[in-house]
Amino acid sequence: MIADQETNSLYLSPLLEIKNPNFFQKFRKALDDNGIEPEYLQETKDVWCVDYMPVQISNNDFVQFKFDPTYLKPKKYHKTISDPSLICKQIGLTPKITDIIADGGNVTKAKNKVIMTTRIIEENPNYSVKQLTGKIIDLLELDQLILIPAQPGDFTGHSDGMVRFLDENTILVNDYSKEPDRKFVHSLYAALHNTGLELIEIPTSIYDNKHTPDATGDYINYLQMDGFIFLPTFNRREDEQVVQQFEDIFKGTTIVPVESNELSKEGGILNCISWNIKK
């Protein structure tokens, strides 16, 4: 498995500049200032590239999950569903295909570990849990697959807005002390503590949001590449604290704040719009 911190090439949807022009201008400046030149994926139908693009296992090996999430089943969303095969053909990529339904936003990865929410089980009723987890472990060549409950109110059921890996031994997790669903919180922390990994809580202000979907305040949905973390900020009181925390825990990594309010109000942030790989 190629971990985020190993990646050196960034792909975006060209729709990002059209649909989110204010955010795009700020993000593109942040990339330019740090010498990162993104490439653009043609044939995309929305901006959330991580969800429909394949997962990189090694330099030349990719796994393509079936992009058919429940939340896009209503007819009004059909025009937003990208065809990964067309996009991959454009860039000369031939990933290994699986019939397992999953979004890349639900594949939070380290070198040999992945965290997914239990949405993966709901999306694949034709598999038993044992069959499903075993097949994912084999496909992604993992030592450990960690399943956690989905965050209440997140219609996508993705893990990348909840947790991220600092390294093989440490997980960053949102501070869920304000979460009213205490059963969810108990289940989440039980699942994470059972991994034996160390936990670091990251402040979040998602509970200040009045509407869903709205990911404003979800700092954990950052873009990480080799030597860089592009960290979403929101003009909120937590910004400075989180930037300082990231600078403290990601030693040797350049932390680049990117104001992301225009994007976050649509329910996704920097990891969601990025397909970053190692070439």
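The values are calculated or read from the model by the stated rules, or taken from the named source; none is laboratory data. Worth saying up front: this structure is predicted, and the values here are computed from it rather than measured. Positions of Cβ are backbone-derived with ideal geometry, glycine not excepted, and every protein chain shown enters the neighbour counts.
Things to note:
- The set of residues in the stretch 255-268 being touching an Asp or Glu at 6+ places or on another chain (Cβ under 6 Å) and either under 24 Å from Asp61 (Cα atoms) or in a loop (DSSP other than H, G, I, E, B) (or both) consists of Lys265 alone.
- Among the residues of the stretch 59-78, the ones that are charged (D, E, K, R) and under 13 Å from Leu140 (Cα atoms) come to 1 in all.
- All of Ile137, Ile148 fail the test of being buried (at least 20 other Cβ atoms within 10 Å of the Cβ), touching a strand residue (DSSP E or B) at 6+ places or on another chain (Cβ under 6 Å) and either of a type in the set (Val, Ile, Thr) or free of Cβ contacts under 8 Å to residues at least 12 places away in the same chain (or both), apart from Ile148.
- Within the stretch 72-189, strands (runs of 3 or more DSSP E) holding 1 or more residues that are modelled with pLDDT under 95 and aromatic (Phe, Trp, Tyr): none
- Residue match in the stretch 19-39 (condition: touching a strand residue (DSSP E or B) at 6+ places or on another chain (Cβ under 7 Å), surrounded by fewer than 16 Cβ atoms within 10 Å (Cβ to Cβ), over 25 Å from Phe250 (Cα atoms) and not β-branched (Val, Ile, Thr)): yes
Okay, residues lined up against (1) in contact with a helix residue (DSSP H, G or I) (Cβ under 8 Å, 6 or more places away or on another chain); (2) outside any loop (DSSP other than H, G, I, E, B); (3) in contact (Cβ under 8 Å) with a residue 12 or more places away in the chain; (4) under 28 Å from Leu142 (Cβ atoms):
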residue: Ile2; (1), (2), (3), (4): no, no, yes, yes
residue: Glu17; (1), (2), (3), (4): yes, yes, no, no
residue: Phe24; (1), (2), (3), (4): yes, yes, no, no
residue: Ala30; (1), (2), (3), (4): no, yes, yes, no
residue: Ile36; (1), (2), (3), (4): no, no, yes, no
residue: Glu43; (1), (2), (3), (4): yes, no, yes, no
residue: Val50; (1), (2), (3), (4): yes, yes, yes, yes
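- Tally of residues being out of contact with any helix residue (DSSP H, G or I) (no Cβ under 6 Å at 6 or more places or on another chain) and either aromatic (Phe, Trp, Tyr) or part of a loop (DSSP other than H, G, I, E, B) (or both) across the stretch 230-254: 8
- Qualifying positions in the stretch 251-274 - aliphatic (A, V, I, L, M) and over 22 Å from Lys109 (Cα atoms): Val258, Leu263
- Just one of the listed residues (Gly35, Gly105) is small (Gly, Ala, Ser) and touching a Phe, Trp or Tyr at 6+ places or on another chain (Cβ under 9 Å), and it is Gly105.
- When Leu72 is tested against (1) loosely packed, with under 14 Cβ neighbours inside 10 Å; (2) in contact with a Ser or Thr (Cβ under 9 Å, 6 or more places away or on another chain); (3) free of Cβ contacts under 8 Å to residues at least 24 places away in the same chain, exactly one condition is not met: (1).
- Total residues in the stretch 176-233, condition farther than 27 Å from Ile277 by Cα and aliphatic (A, V, I, L, M): 5
- Being surrounded by fewer than 17 Cβ atoms within 10 Å (Cβ to Cβ), at negative phi and over 14 Å from the mean Cα position of the chain (by Cα) is true of Ile97.
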